[in-house]
Amino acid sequence: MKDEAARILVVDDERLIRWSLDQQLQREGYGVRLAETGAEAVQAARTEPPDLVLLDMRLPDADGVEILERLRALDPECPVIMITAHGAVGSAVRAMKLGAQDYLVKPVDPDELRLAIRKALDARSLRRQVTRLQADAAQGSTLDDLIGVSRAVENLRATIRQIAGSDATTVLLQGESGTGKDLVARVIHFASARAPAPFQAVSCVALPEHLLESELFGYEKGAFTDARGQKKGLFEQADGGTVYLDEIGDMRPDLQAKLLRLIEEKTFRRVGGVRDLRANVRIVAATNRDLAASIADGTFRQDLYYRLKVFPIALPSLRERPEDILPLARHFLRRFLREMRREPVEISPDAEARLAAYTWPGNVREVRNVIERAVILAGALPLGVEHLPAEIADPPALPIRDAPPSAPVAIPARGVRLGEVERELVQQALTATNGNQVRAARLLGISRDALRTRMKKFGLL
Ligand SMILES: Nc1ncnc2c1ncn2[C@@H]1O[C@H](COP(=O)(O)OP(=O)(O)OP(=O)(O)O)[C@@H](O)[C@H]1O
Ligand SMILES: [Mg+2]
């Protein structure tokens, strides 16, 4: 959620102070809610959880520190900035020890206030990101974490079991962004006998090329100017475990050659090394590119490609398995409610219908983000259409005109599922040509390779 829309709860018993804080905060684009007493503050935080609280140390009905503790019990991640009278700084320090983010001394200086709020909100969003990453890493590790009722996901689970059971098979994960490649890589590792050994993940685009090489293979002392000592690479560190190479399509060709040797002979050399070392790792590689095309333009080695795709797994987009949308949405709802320590709520039937009808270009990640945002916006209420982003809540009406007479096919008014139409056409072409792939490909105006890719995708091979 953007900070500009952050909701701030202001708790102070002095009307004038409430008023001036309200003025400043509104001017800066925050949503403001005011409370006069401690009881009112707790009530407000319960019904409409704020993103930040400005809390007066001295309230008519309670000590600010006591209210601080009650607010933190409601939402430990919500930052609280204490406002204290001149000369009462000691108690503000006590409040900081109990978890207040910061304190300001009255009369509050507008610039200091602005800065303190920014800092607190930034820290909060960082903390949420870290919690999210930790939760992803801790949760997405077993087959049970792989949500979905579609045939595609059923098959995926079966494939993973098979791979997990076979010790060293190299795996190539292919799928659009957000389809679950990282998750599947972890599930494979933790479902296999390699689970007690490390799982190391590295993205081949995140690091400059020379760093990627030493990150993966390590280096010897003196390999380059600042290589003071020797360092083990990820393959050595993960010995006995799994190395997940994300965005493999971006790996430089000479590194690809080194990787191929590691896969085929289980040996490698550190950067600057002359000794062959051994590492026993399973490689799980992922890409959202068409590697076949990268081979054609010379950026990806064909021999490595064949080595990696011994066990290819194509992760289907969510458009191709719409029946998984609601199970995923409910799964993320439960997860975020738990993480934010909220009471269970449901998704309204209207909202479910909109979710199910949307096409999810960002796939499962987009479902996760949409539900997280909705949970924050909905507070204690059921998730409704009003908590969904506009493109899902009010989908643009499809202007359906009759197809021009010259069009080769016409879309029926109720729409189509492109994946199903594609499968149907591939099937028909094969039937019409008695299974002759060359002729079927010609009928469809695609290459034989492209046909075979689709046959594989649709389980026709
Ligand atoms: N079948 C699933 N069940 C539960 N959670 C899933 C599923 N698929 C994906 N996710 C979750 O969706 C989010 C995005 O998935 P992930 O990061 O694995 O995608 P990716 O394919 O690696 O995307 P990118 O290509 O952008 O790196 C993660 O939080 C992941 O845990
Ligand atoms: Mg990924």
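Amide H contacts of residue 241: 282, each under 5 Å away and 5 or more positions distant or on a separate chain (H built 1.01 Å from N in the peptide plane; Pro and chain starts excluded). Its relative contact order, with pairs defined as Cα atoms under 8 Å and 6+ residues apart, puts the stretch 418-457 at 33 percent.
Using a/c under 1.5 as the rounded threshold, could you call the stretch 278-329 rounded, prolate or oblate? The axes a ≥ b ≥ c are square roots of the C-alpha gyration tensor eigenvalues, and prolate needs a/b larger than b/c, oblate otherwise. Cα axes put the stretch 278-329 in the oblate bin. Starting from 0 in steps of 5 Å, tell me what percent of the Cα-Cα pairs of the stretch 418-457 lands in each bin. Result returned by the calculation: 6, 29, 38, 23, 3. Binning the alpha carbon pair distances of the stretch 1-93 at 5 angstrom intervals from zero yields the distribution 3, 14, 27, 26, 19, 10, 2, 0, expressed in whole percent.
Annotation: amide H-H contacts under 5 Å for residue 104 (H modelled 1.01 Å from N, sequence separation of 5 or more, or interchain): 82, 83, 84. Expressed in Å, the radius of gyration and Dmax of the Cα atoms of the chain are 28.1, 91.
Taking each residue as 0.36 nm, the span from residue 409 to residue 69 lengthens on full extension beyond its C-alpha to C-alpha distance by 115.9 nm.
According to the Kirkwood relation over distinct C-alpha pairs, the hydrodynamic radius of the stretch 30-155 is 16.6 Å. Here the chain is treated with +1 on each Lys and Arg Cβ and -1 on each Asp and Glu Cβ, and its dipole about the Cα centre works out to around 1940 debye.
Could you check the simple spin-label distance between residue 112 and residue 177, using points 7 Å along Cα→Cβ, in nm with one decimal? Taking the simple label geometry, residue 112 and residue 177 are separated by 4.3 nm. At 20 Å minimum axial length over the Cα atoms and a Kyte-Doolittle cut of -0.5, report the qualifying DSSP H helices in the chain, or say none. What comes out of the filter, once short or polar helices are dropped, is 151-165, 325-339, 363-378, 418-432.
Estimated purely from DSSP H runs of n ≥ 4, each contributing -39500 (n - 2.57), the mean residue ellipticity at 222 nm for the chain is -14000 deg cm²/dmol once divided by its residues.
For residue 457, the accessible area of its heavy atoms, probed at 1.4 Å with every protein chain present, is near 110 square angstrom.
Between residue 15 and residue 302, the modelled labels are 8.5 nm apart [label points 7 Å from Cα along Cα→Cβ].
For residue 290 and residue 27, the difference between the fully extended length at 0.36 nm per residue and the C-alpha to C-alpha distance is 89.7 nm.
Once you order the gyration tensor axes a ≥ b ≥ c over the Cα atoms, which shape class does the stretch 319-393 get: rounded for a/c under 1.5, otherwise prolate or oblate by comparing a/b with b/c? Judged from the Cα gyration tensor, the stretch 319-393 comes out prolate (a/c at least 1.5, a/b above b/c). For the stretch 229-241, backbone phi angles converted through the Karplus equation (6.51, -1.76, 1.60; θ = phi - 60°) give residue-by-residue couplings of x, 9, 9, 7, x, 4, 5, 6, 4, 8, 3, x, x Hz, Gly and Pro being listed as x. The label-point distance for residue 230 and residue 346, in a model that sets each label 7 Å from Cα toward Cβ, rounds to 6.4 nm. Heavy-atom accessible surface of the chain, averaged per residue, reaches 53 Å², computed with a 1.4 Å probe. Ordering of 426-432, 122-128, 360-366 by packing is 360-366, 426-432, 122-128, highest average first (other Cβ atoms within 10 Å, averaged per residue).
Can you compute the FRET efficiency between residue 436 and residue 146 using 1/(1 + (r/R0)^6), with r the Cβ-Cβ distance and R0 = 45 Å? Round to the nearest 0.05. In this case the efficiency is close to 0.75.
The values are calculated or read from the model by the stated rules, or taken from the named source; none is laboratory data. Fair warning: this is a prediction, and the values are worked out from it, not measured in the lab. Using ideal geometry, Cβ is built from the backbone for each residue, glycine included, and neighbour counts are taken over all protein chains shown. Each accessible area value is taken on the protein alone, full model and side chains, heavy atoms only, with ligands, DNA and RNA left out. Shrake-Rupley method; radii C 1.70, N 1.55, O 1.52, S 1.80 Å.
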